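Written out below as structure tokens is the structure these notes cover.
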Amino acid sequence: MEMFKGILVLISFLALMGAAFAALPEPTQLTYNPSPAIPGSTITVLVQVENRDLTAQTGVTLGLDENYPFTIKGESLKSLGNLDRYGKATAEFTVYVDPTAQNKTYFIRANVGVAGENTTKSIAFPIVVSGRQALLKVISVSTDRLIPGQEKEITLGIQNVGTSAAYDVMVELKEDRTVTATGAVVERDITPLGTATALIDQILPAQKGEATLKVSVNGSATLKNYTLPVTISYRGSDGTRTSETSYIGFKVSGNVDIDAAIKETTGYLIAGTKGEITVELFNKGNGKAEFTIIEASTDAGTLERPKQFIGALEPNDVDSFKAVINFKNDLATGPQMLTLKINYQDTDSTTKTALLQLPITVYSAAEGGALAGNGASPIILLVILAIVAFVGWKLYKKMKKK
């Protein structure tokens, strides 16, 4: 009997020892997609866990360690529940690969734990990272319009369309020039001003950087389209320096600047009468205004030809037109506005409108009549001269008879 009890105690002890030293479930397989992993992108990681013990395991968990260049998106610890003996389970993780990762093999560690246990089973699995080399392109320009004589800063948007990081990026605007067969240098109309190089520390895959450069346009530049070469050099993750050349385009177009002024009026402008005003129209810009049309109006009266076609206005060109106005009867003495709506096409064939207001002085009927009376009209002067001549002739004849 005592021996039987001893056997039972031994069996119980061995069972407890077996439970204590039971093997933990372990990660046995890791797969990822896409393979190889690309810097700056995410991969889907599947990890398989197996319970190779004779006993079931409860409260099984699986986690991934975060270590460069990997970052776990979402939950980094997954619950697998219970695993029967020789049972298997899988868990899925989303892992982000750092854009600065180089083309080599990295390791990520999977950890399996069981409820009530302080230890875990860990295995490191390899993940191959392989991306294309960095590739930088100019994708945007802050402005594509320039005018002759202008100095302007332009900002270039540079994007890394490759899958590796670019370091020590140099953006250089090449001078648009030509060397003839005889060795003579033909300068172009658009040239860099000041430093022609901008520096950017790094541009990661899919990210953008900006480079600001200054250009100068000759005052005599021909109004047309231009292209300038932009050279971008950078160092890849392996230390090799690469150069890429892109081209950016500009349109040099003249700036139309239309203004107007009153040149003259025919006498006083008086309420209740018809007045004629000569208006000078001039282009102060360096671009040509085409199909210029004037629409004139005023609250002081009505115009006989409110809409007039002017045509083309060259740079520094002057033209004129006459505005004939029938003034209202009840106007008080004071300034009135002649409004000009000027429609034209600029050098880009875009229709634009300029609004100008010119002050004109209009007198009331009473005050205008008084002003007009202060000066004798030509007819009155002729009558007076005729009377004086007649009287003189009579006096001459009387004196001659004596």
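The values are calculated or read from the model by the stated rules, or taken from the named source; none is laboratory data. Remember, it's a predicted structure, so these values are computed and weren't measured experimentally. For neighbour counting, all protein chains shown are included, and Cβ atoms are generated from backbone atoms with ideal geometry for every residue, glycine included.
Taking ARG132 as the residue in question, decide whether it is touching a Leu at 6+ places or on another chain (Cβ under 9 Å) and of a type in the set (Lys, Arg).
no
If only one of GLY74, GLY59 is surrounded by fewer than 18 Cβ atoms within 10 Å (Cβ to Cβ), over 46 Å from the mean Cα position of the chain (by Cα) and not polar (S, T, N, Q), which one is it?
It is GLY59.
Conditions tested, residue by residue: (1) assigned by TED's automatic domain parsing to the domain that holds THR350; (2) surrounded by 14 or more Cβ atoms within 10 Å (Cβ to Cβ); (3) touching a Lys or Arg at 6+ places or on another chain (Cβ under 8 Å); (4) under 26 Å from LYS288 (Cβ atoms).
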site: ILE190; (1), (2), (3), (4): no, yes, no, yes
site: GLN202; (1), (2), (3), (4): no, yes, no, no
site: SER220; (1), (2), (3), (4): no, no, no, yes
site: LEU228; (1), (2), (3), (4): no, yes, yes, yes
site: GLY236; (1), (2), (3), (4): no, yes, no, no
site: ILE248; (1), (2), (3), (4): no, yes, no, yes
site: GLU264; (1), (2), (3), (4): yes, no, no, no
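Consider GLY209 carefully, then state whether it is exposed (fewer than 15 other Cβ atoms within 10 Å of the Cβ) and outside the structural domain of TYR363 (by TED's automatic domain parsing).
Criteria not met by GLY209.
For (1) loosely packed, with under 15 Cβ neighbours inside 10 Å; (2) touching a residue at least 12 places away in the same chain (Cβ under 8 Å); (3) among the small types (Gly, Ala, Ser), each residue gets a yes or a no:
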{"position": "PRO25", "(1), (2), (3)": "no, yes, no"}
{"position": "THR31", "(1), (2), (3)": "yes, yes, no"}
{"position": "GLU50", "(1), (2), (3)": "no, yes, no"}
{"position": "ASP53", "(1), (2), (3)": "no, yes, no"}
{"position": "ALA91", "(1), (2), (3)": "no, yes, yes"}
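Could you go through region 292-309 and let me know if any residue there is assigned to a loop (DSSP other than H, G, I, E, B), of a type in the set (D, E, K, R) and buried (at least 17 other Cβ atoms within 10 Å of the Cβ).
No, because not a single residue in region 292-309 is assigned to a loop (DSSP other than H, G, I, E, B), of a type in the set (D, E, K, R) and buried (at least 17 other Cβ atoms within 10 Å of the Cβ).
Any chance you could count how many residues in region 319-336 are of a type outside the set (S, T, N, Q) and more than 16 Å from LYS274 (Cα to Cα)?
Of the residues in that region, 4 qualify.
Which fully enclosed strands (runs of 3 or more DSSP E) of region 60-159 have 2 or more residues being within 30 Å of PRO229 (Cα to Cα)?
Per the criteria, 136-141.
Where in region 207-263 are the strands (runs of 3 or more DSSP E), entirely inside, with at least 1 residues that are under 30 Å from ILE310 (Cα atoms)?
Hits in region 207-263: 225-235, 241-252.
For region 111-122, does any single residue satisfy the condition of being within 47 Å of the chain's Cα centre (by Cα) and assigned by TED's automatic domain parsing to the domain that holds ASN51?
no
Going by what's in this entry, would LEU338 be described as in contact (Cβ under 8 Å) with a residue 60 or more places away in the chain, under 17 Å from TYR363 (Cα atoms) and in a loop (DSSP other than H, G, I, E, B)?
So LEU338 does not fit the description; no.
Would you point out which residue out of GLN357, GLN336 is surrounded by 12 or more Cβ atoms within 10 Å (Cβ to Cβ) and at pLDDT 90 or above?
When all the criteria are applied, what remains is GLN336.
Would you check if THR105 is closer than 30 Å to ARG235 by Cα, surrounded by fewer than 18 Cβ atoms within 10 Å (Cβ to Cβ) and touching a Ser or Thr at 6+ places or on another chain (Cβ under 6 Å)?
When the stated conditions are applied, THR105 does not pass them.
Specify which of the listed residues (ASN316, ASN329) is in contact with a helix residue (DSSP H, G or I) (Cβ under 7 Å, 6 or more places away or on another chain) and polar (S, T, N, Q).
Result: ASN329 is the single residue among ASN316, ASN329 that is in contact with a helix residue (DSSP H, G or I) (Cβ under 7 Å, 6 or more places away or on another chain) and polar (S, T, N, Q).
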